[in-house]
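So the structure is just underneath, and the comments pick up after that.
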Amino acid sequence: MAKGVTHNPELIPGINKFSRGQAVSKHRRFRKRVAAAPKKEAAKVEEKYTPFTYPTELVKRPLRSNRQNKRPTKLRKSITPGTVVILLAGPFRGRRVVFLKQLESGLLLVNGPFHFNGVPLRRVNQAYVAATSTKVDISGVDLSKFNDEYFAPKPEEKAAKKAHDSKKTFVLPARAADQKALDAQLTPIVKQVPILARYLAARFSLLDGQFPHELKL
């Protein structure tokens, strides 16, 4: 190439035909042969299975059960031995009964007495009773034989129920004798309070416009 001849001639003053980068790439002395580097094969990564859920604890522990809870159930302050309570659920709901004592299981031991309202000796949860302001003195009543084991089902009781007519309510003779003995102790106490016998015999109910939280039971 003749001296003074450029590879990037001017089209007009100040503007060349090729850009600076294009002119450099076209000039031989700026060209470099770069050997193509061999392509590296991508390392194969084994995909590990990822579970959707993870265990919350590494060590399995047994769940807490109320059956293993040996702490006694706290009794409400409004319920004391001799308090008349109203049953809110069950076959005798609406009946007024006498609270006798709290058992080891936390349940309440109540009695009608059966002579007045037909409610036998039974256990109820304190969540399903409403305490009243009426109270009688039962300090002289013997309740030593009544506990949770007393109400546990017995083999002889199951056999006797199967042999008995299913249309009639079956009660063991021993249970009936205990009921009569307990009523014999409570009946004189109830009769000492005026109108208490009629109060226990009457069923509790609400009229239109009455609310239980506004009543003085």
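The values are calculated or read from the model by the stated rules, or taken from the named source; none is laboratory data. Predicted model, so just to flag it, every value in this text is computed and none were measured. Neighbour counts are summed over all protein chains in view; Cβ atoms, including those assigned to glycine, are modelled from backbone coordinates with ideal geometry. Calculation scope for accessible area: heavy atoms of the full protein, side chains included, ligands and nucleic acids excluded. Shrake-Rupley method; radii C 1.70, N 1.55, O 1.52, S 1.80 Å.
Tally time: how many residues in region 194-212 are over 18 Å from Val119 (Cβ atoms) and either in contact (Cβ under 8 Å) with a residue 24 or more places away in the chain or hydrophobic (A, V, I, L, M, F, W, C) (or both)? Walk me through how you get there before you give the answer.
The first filter runs over region 194-212 and keeps only residues over 18 Å from Val119 (Cβ atoms), leaving 194-195, 206-212.
Pick out the ones that are also either in contact (Cβ under 8 Å) with a residue 24 or more places away in the chain or hydrophobic (A, V, I, L, M, F, W, C) (or both) and you get 195, 206-207, 211-212.
Selection size over region 194-212: 5.
Pull up region 117-142, narrow it to residues that are part of a loop (DSSP other than H, G, I, E, B) and more than 33 Å from the chain's Cα centre (by Cα), then point me to the one that is nearest to Ala89 (Cα to Cα).
This residue is Gly118.
Which of the residues belonging to region 181-195 are open to solvent by 60 Å² or more (accessible area, probe 1.4 Å) and of a type outside the set (D, E, K, R)? Spell out the reasoning first.
Quick first cut of region 181-195, residues open to solvent by 60 Å² or more (accessible area, probe 1.4 Å) only: 184-185, 188, 191-192, 194-195.
Within region 181-195, Ala184, Gln185, Pro188, Gln192, Pro194, Ile195 qualify.
Could you give me the residue pairs with C-beta distances under 7 Å whose first residue belongs to region 139-153 and is more than 21 Å from Lys180 (Cβ to Cβ) and touching a residue at least 40 places away in the same chain (Cβ under 8 Å), whose second residue is in a loop (DSSP other than H, G, I, E, B) and of a type in the set (D, E, K, R) wherever it lies, and which are 6+ apart or on separate chains?
Asp148/Glu104
If you go through region 72-84 one residue at a time, do you hit one that is aliphatic (A, V, I, L, M), open to solvent by less than 100 Å² (accessible area, probe 1.4 Å) and modelled with pLDDT under 70? Quick ask: steps written out before the conclusion?
So the first thing to find is which residues in region 72-84 are aliphatic (A, V, I, L, M), and the list is 75, 79, 84.
Cutting the leftovers down to open to solvent by less than 100 Å² (accessible area, probe 1.4 Å) gives us 75, 79, 84.
Of the ones still in play, those that are also modelled with pLDDT under 70 are none.
No, there is no match, as no residue in region 72-84 is aliphatic (A, V, I, L, M), open to solvent by less than 100 Å² (accessible area, probe 1.4 Å) and modelled with pLDDT under 70.
What pairs come up if the first residue lies in region 94-116 and is assigned to a loop (DSSP other than H, G, I, E, B), the second is of a type in the set (Asp, Glu) and open to solvent by less than 50 Å² (accessible area, probe 1.4 Å), and their beta carbons are under 9 Å apart, counting only those six or more places apart or on different chains?
Close Cβ pairs (under 9 Å, with a partner that is of a type in the set (Asp, Glu) and open to solvent by less than 50 Å² (accessible area, probe 1.4 Å)) amount to Leu103/Asp148; Glu104/Asp148; Ser105/Asp148; Leu107/Asp148; Gly112/Asp183; Pro113/Asp183.
Just name the residue that is surrounded by the fewest Cβ atoms within 10 Å (Cβ to Cβ) out of those in region 117-136 that are of a type outside the set (A, V, I, L, M, F, W, C) and in contact (Cβ under 8 Å) with a residue 60 or more places away in the chain.
This residue is Ser133.
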